[in-house]
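Data block below; observations after.
The values are calculated or read from the model by the stated rules, or taken from the named source; none is laboratory data. Predicted, not measured: the structure shown is a model, and the values here were computed from it. As a convention, Cβ positions derive from the backbone with ideal geometry for all residues, glycine included, and neighbour counts pool all protein chains shown. Just so you know, the surface numbers come from the protein's heavy atoms only, side chains and all, with ligands and any DNA or RNA stripped out. Shrake-Rupley method; radii C 1.70, N 1.55, O 1.52, S 1.80 Å.
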Amino acid sequence: MHRSLISAAVLALAGLSAYPAHAANASSPAALATTQLPRTARPIHYDVSITPNAAASTFAAKVNITVDLLQPTASITLNATDLAFQSALLSTARSNAAPSAAKVSVNSSEQTATFQFDHPLAKGRYTLALEYTGVIGNQAVGLFSLDYDTPSGRKRALYTQFENSDARRLIPSWDEPAYKATFDLEATVPGGEMAVSNMPIAKKTDLPDGRSVIKFAQTPKMSTYLLFFALGDFDRATASAEGTELGVISQKGTLSQAAFALDSSKAILREYNDYFGVRYPLPKLDNIAAPGSSQFFGAMENWGAIFTFEYYMLLDPSISTQHDKEEVFATEAHEMAHQWFGDLVTMKWWDDLWLNEGFATWMEGRTAARLHPEWNTALGAVELTQKAMSRDSVATTHPVVQHVATVEQASQAFDEITYEKGEAVIRMLESYVGADAWRDGVRAYIKAHAHGNTTSDDLWREIDKAAGKPVTAIAHDFTLQPGVPTISVNDAVCSAGKTVLTLTQGEFSRDLPNKKPLTWRVPVIAQSVGSTAQVRTLVSGGKGTLAVPGCGPVLVNAGQTGYYRTLYAPKNFAAIAAEFAKLAPIDQLGLLSDSWSLGLAGLQPMSDFLELAQAAPLGADPQVWGKIAVVFGGINDHYKASPERQKRFDAFAIARLAPVMAQVGWTARAGEPDTIANLREQLIRTLSELGDQDTIAEARRRYAASTSDTSAVPAALRKVITGVVALHADAAAWDALHASAQAEKTPMIKDRLYDLLAASEDEALAKRALDLAMTDEPGVTNSAGMIARVASEHADMAFDFALAHLAQVNERVDATSRSRYFPRLASGSADPAMIAKLNAYANANLAESARRDVDTAVANIRYRIKVRAERLPAIDAWLARNRH
């Protein structure tokens, strides 16, 4: 989510404790949480009063912190960033003595404030009263503002974003997850605006000057990063489910677009109350929609007040798609899962962030599959696993449970390993122990640790008990060490009506082909093609066998719940490929994904994927065709430097996809499956990228006709058709899009248009988009996105431009995310010179401990170069053999 810059010197603070890199969860349940603050004090309660001045981008505040001093000390150190203190007084309820004034010293590099007293303080309970001022930023860290257009003029709203370590920008605090406390929040605000926080409003007092003082009810005990405040010209709609008031809040005039989110929240709440076995504990749960965007997150799970950017919550009938609807549901399911897994029970330290994010990612998929089976979202789990494996198969990967030493490293932990690998491991372990046992273990974990902090082993202990068999050892293999296992299927011998397979465990690496493999205990599921009977085993010590009923081809990782790649001996693969049409769609996706990735790595012939794509039946599941289309788009991108070879591949790819597009059609049919709507959008996009002139011409025709015929561009295709026009725009078309963006008053549509202005394949127009991004016109939250969008087509140009405008770009990127933003711009390059540029950027701008994303980008660039040199010739050869 959010990133924060902090000096490595923070490690020298008194009381620092940290886990070893690969044994974070090996500690006992009583082990102290990591901290970057002295262990001399613990907060109990914060009583906060803030007065924001949105126009001036400043705020004034007071806080009374009830704090227990755990040992005698003459100073108190807590977290504070960009705050100016006017007074600091310490008092105790056990004495009639006057409050003690403190001398305040601020360490900006360590993001701390220390309050020094002229005499030692005894152990006991005190109240630290602080008066201070701070700034309201324009990026999503701390208390920030978002400006947006409306039909009635320009508006400004305020929001907070504190994860992972930015509550300290609004409240001097022990801003670490293990320092849980209760909060009273009071805000003095303009009378006509709505104020929102975690809890309902307890009292409102109108002042003579037109302002109001809003006091919110006290929160439960929680971590600082979950506190929330928003203020603006909002509307709110509510519903009730199981005794909880559910709300959606958005800018005025857009509330109807949040109806699906509100309805979904009712169903999700019922599902989670049942699944977790603990009812949602707060009296209300709001979901607050905000205009704008961030490069690094779409929503945040503040307890009782989920923050969500509009494009992940609102469904505008003039532009939203079926995919958007599914994303709204998934986002809400994810953030609501956090209300238990993360908010009610919180990791002790960022080492175990995956307990929050991996679990919420798993719950969003599980919940969508249960509540919306018509979307067939279960197949999406395969793509989540592929994202994780892509990141996890280079040397710069890290364990799911990782050592975090600095705030910036905590920020960088919000990645594919934490989210997608975490999800994949949970899905595998649930399959291993059974859904009921897994749920029973989760329920016991939630009940045992409500309002507390945990490490991963606290979860594993409960799962072990519920399952009645050991799970911890397997969980440790997949969470305490990095990497992707391979299960090689070497022999298949049929005897006495059974096929016996010999399995060998290795490791899949994209950049270290000779790496000595790590070992895992790997749960493996197999079944004969055409059969529903599954056989299970645990591959341990690097080897295993399976005896599967029948003598037909055997599919390993049936159901795709295992976190490993399956590498078949050529004969075995050929037998399965011949039966491709008989496989379940999820297994077709798994076979396609493994053959493609193993082919890129040189472990399997590149032709295997192409043969599967060639043989895929026209009536295959829409998501199977969507996968083929995405890979075809990726191959097209690899051929960028070789236009003639690219043209030959594109002709093949278009020939495969065009009949599918003809079957799907440009116009939705009554009663068609929702999955067809998503496939239609994907096919139009991919065929456009492949240069299919029929698709490009039809998109342009419809776009031009839409000025007089509203049916020419239905809402479900508005984004993709405009995207085709933008990708292939000439100067006149670009200017027309620009004029549309300038005139648009709906923030969600306006943001989309500025994004598309940066999507042109034409270098001159891409340069114009970069220049435009440096102006105030697109809005400060769109500028960074425009540069990143240019990078998707012109990585080297975008990176060079951003580096040449470093100070300006830094102002337009979430302050805590810069160490990730620049490497992401470069990661699509295939120019060896980019590696030196990235390293030079890192040497000049990043601490050594903050280089992970740079090193990963370098690994990806090297891999891209290798693929173009060593794998594309195999595709060329296959195309030559398969000319029609």
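Residue check: is residue 231 touching a Leu at 6+ places or on another chain (Cβ under 6 Å), modelled with pLDDT of 95 or more, surrounded by 15 or more Cβ atoms within 10 Å (Cβ to Cβ) and more than 30 Å from residue 371 (Cα to Cα)? Lay out the reasoning, then the answer.
Numbers: touching a Leu at 6+ places or on another chain (Cβ under 6 Å): yes; modelled with pLDDT of 95 or more: yes; surrounded by 15 or more Cβ atoms within 10 Å (Cβ to Cβ): yes; more than 30 Å from residue 371 (Cα to Cα): yes.
When the stated conditions are applied, residue 231 passes them.
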Q.
I'd like the full set of residues that are open to solvent by less than 20 Å² (accessible area, probe 1.4 Å) and of a type in the set (S, T, N, Q), limited to the range 416-447.
A. 418
Q: Only helices (runs of 4 or more DSSP H) wholly contained in the range 691-759 count here; list those with 2 or more residues that are within 30 Å of residue 252 (Cα to Cα), under 34 Å from the mean Cα position of the chain (by Cα) and of a type in the set (D, E, K, R).
A: 715-727, 747-757
Q) Out of (1) closer than 18 Å to residue 47 by Cβ; (2) open to solvent by 20 Å² or more (accessible area, probe 1.4 Å); (3) not polar (S, T, N, Q), the odd one out for residue 190 is which? A) (1)
Q) When residue 629 is evaluated against the numbered criteria (1) hydrophobic (A, V, I, L, M, F, W, C); (2) within 19 Å of residue 689 (Cα to Cα); (3) in a loop (DSSP other than H, G, I, E, B); (4) under 31 Å from the mean Cα position of the chain (by Cα), which criterion, by number, is the only one it fails? A) (3)
(Q) Residues that are closer than 30 Å to residue 220 by Cα, more than 24 Å from the chain's Cα centre (by Cα) and not in a helix (DSSP H, G or I): does the range 452-459 have at least one? (A) yes
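If we keep just the residues of the range 863-881 that are open to solvent by 30 Å² or more (accessible area, probe 1.4 Å) and in contact with a helix residue (DSSP H, G or I) (Cβ under 7 Å, 6 or more places away or on another chain), which is farthest from residue 603 (Cα to Cα)? Step through it out loud before you land on a result.
First, pick out the residues of the range 863-881 that are open to solvent by 30 Å² or more (accessible area, probe 1.4 Å): 864-866, 868-871, 873-874, 876-877, 880-881.
Keeping just the survivors that are in contact with a helix residue (DSSP H, G or I) (Cβ under 7 Å, 6 or more places away or on another chain) gives 868, 871, 874, 876.
Details: 868: 16, 871: 11, 874: 13, 876: 18 Å.
By that ranking, first place goes to 876.
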Q: Scan the range 172-187 and give yes if some residue there is crowded, with 18+ Cβ neighbours inside 10 Å, over 26 Å from residue 41 (Cα atoms) and touching a strand residue (DSSP E or B) at 6+ places or on another chain (Cβ under 9 Å), otherwise no.
A: yes
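Table: residues versus (1) among the acidic types (Asp, Glu); (2) open to solvent by less than 60 Å² (accessible area, probe 1.4 Å).
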residue: 474; (1), (2): no, yes
residue: 477; (1), (2): yes, yes
residue: 482; (1), (2): no, yes
residue: 491; (1), (2): yes, no
residue: 497; (1), (2): no, yes
residue: 501; (1), (2): no, yes
residue: 508; (1), (2): no, yes
residue: 521; (1), (2): no, no
residue: 544; (1), (2): no, yes
Q: Report yes if some residue within the range 812-821 is within 28 Å of residue 762 (Cβ to Cβ) and either without any contact (Cβ under 8 Å) to a residue 60 or more places away in the chain or out of contact with any helix residue (DSSP H, G or I) (no Cβ under 8 Å at 6 or more places or on another chain) (or both); otherwise report no.
A: no
Q) What are the residue pairs meeting all of these: first residue in the range 418-433, first residue in contact (Cβ under 8 Å) with a residue 40 or more places away in the chain, second residue of a type in the set (D, E, K, R) and open to solvent by 10 Å² or more (accessible area, probe 1.4 Å), Cβ atoms under 6 Å, and 6 or more apart or on different chains? A) 420/387
Q) What do you reckon, is residue 236 among the charged types (D, E, K, R), touching an Asp or Glu at 6+ places or on another chain (Cβ under 9 Å) and not in a strand (DSSP E or B)? A) no
(Q) Can you pull out every residue in the range 777-818 that is in a helix (DSSP H, G or I) and surrounded by fewer than 19 Cβ atoms within 10 Å (Cβ to Cβ)? (A) 780, 792, 796, 797, 800, 803, 804, 806, 807, 808, 810, 811
Q | Output for the range 55-104, where each listed residue is among the hydrophobic types (A, V, I, L, M, F, W, C), within 24 Å of residue 224 (Cβ to Cβ), under 34 Å from the mean Cα position of the chain (by Cα) and surrounded by fewer than 20 Cβ atoms within 10 Å (Cβ to Cβ) | A | 60, 84
Q: Restricting attention to the range 304-327, report how many residues are crowded, with 24+ Cβ neighbours inside 10 Å and over 17 Å from the mean Cα position of the chain (by Cα).
A: 3
Q.
Under 6 Å between Cβ atoms, which residue pairs at least 6 apart in sequence (or on different chains) link something in the range 261-283 that is at positive phi with a partner that is of a type in the set (Lys, Arg) and assigned to a helix (DSSP H, G or I)?
A. 277/443
Q | Residue ID - modelled with the lowest pLDDT, chosen from residues in the range 808-828 that are out of contact with any Ser or Thr (no Cβ under 8 Å at 6 or more places or on another chain) and farther than 20 Å from residue 843 by Cβ | A | 811
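Which ones in the range 204-232 are over 30 Å from residue 165 (Cβ atoms) and either touching a residue at least 12 places away in the same chain (Cβ under 8 Å) or under 24 Å from the mean Cα position of the chain (by Cα) (or both)?
In the first step, residues of the range 204-232 are kept if they are over 30 Å from residue 165 (Cβ atoms); the result is 204-212.
Within the range 204-232, 206, 207, 210, 211, 212 qualify.
I'm trying to understand the selection: among the residues of the range 84-103, which are part of a strand (DSSP E or B) and under 19 Å from residue 38 (Cβ atoms)? Please lay out each step first, then the result.
Here is the first cut: in the range 84-103, the residues part of a strand (DSSP E or B) are 84-91, 100-101, 103.
85, 88, 90, 100, 103, listed by residue number.
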(Q) Looking only at the range 247-297, how many residues end up being more than 30 Å from residue 810 (Cβ to Cβ), polar (S, T, N, Q) and either in contact with a Leu (Cβ under 7 Å, 6 or more places away or on another chain) or crowded, with 19+ Cβ neighbours inside 10 Å (or both)? (A) 6
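For every residue, the table says whether it meets (1) open to solvent by 30 Å² or more (accessible area, probe 1.4 Å); (2) in contact with an Asp or Glu (Cβ under 6 Å, 6 or more places away or on another chain); (3) free of Cβ contacts under 8 Å to residues at least 24 places away in the same chain; (4) of a type in the set (A, V, I, L, M, F, W, C).
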position	(1), (2), (3), (4)
540	yes, no, yes, no
548	no, no, no, yes
564	no, no, no, no
576	no, no, no, yes
601	no, no, no, yes
613	no, no, no, yes
Q: Tally the residues that are modelled with pLDDT of 95 or more and surrounded by fewer than 22 Cβ atoms within 10 Å (Cβ to Cβ), restricting the search to the range 767-776.
A: 6
Q) Quick one: residue 301 ticks every box in (1) crowded, with 24+ Cβ neighbours inside 10 Å; (2) in contact with a His (Cβ under 9 Å, 6 or more places away or on another chain); (3) within 13 Å of residue 140 (Cβ to Cβ) bar one, so which box is it? A) (3)
Q.
For the list (1) free of Cβ contacts under 8 Å to residues at least 40 places away in the same chain; (2) under 16 Å from residue 791 (Cβ atoms); (3) open to solvent by less than 60 Å² (accessible area, probe 1.4 Å), I need the number of the one condition that residue 837 fails.
A. (3)
Q: Give the range 843-852 a look and list any residue that's crowded, with 17+ Cβ neighbours inside 10 Å and either outside any helix (DSSP H, G or I) or at pLDDT 95 or above (or both), or say none.
A: 846, 851
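I'm trying to understand the selection: among the residues of the range 633-669, which are among the aliphatic types (A, V, I, L, M) and either free of Cβ contacts under 8 Å to residues at least 40 places away in the same chain or open to solvent by less than 50 Å² (accessible area, probe 1.4 Å) (or both)? Give the steps one after another, and end with the answer.
Taking the range 633-669 as the starting set, the residues that turn out to be among the aliphatic types (A, V, I, L, M) are 635, 641, 651, 653-655, 657-658, 660-662, 664, 668.
If the condition is that a residue be among the aliphatic types (A, V, I, L, M) and either free of Cβ contacts under 8 Å to residues at least 40 places away in the same chain or open to solvent by less than 50 Å² (accessible area, probe 1.4 Å) (or both), then 635, 651, 653, 654, 657, 658, 660, 661, 662, 664 are the ones that fit.
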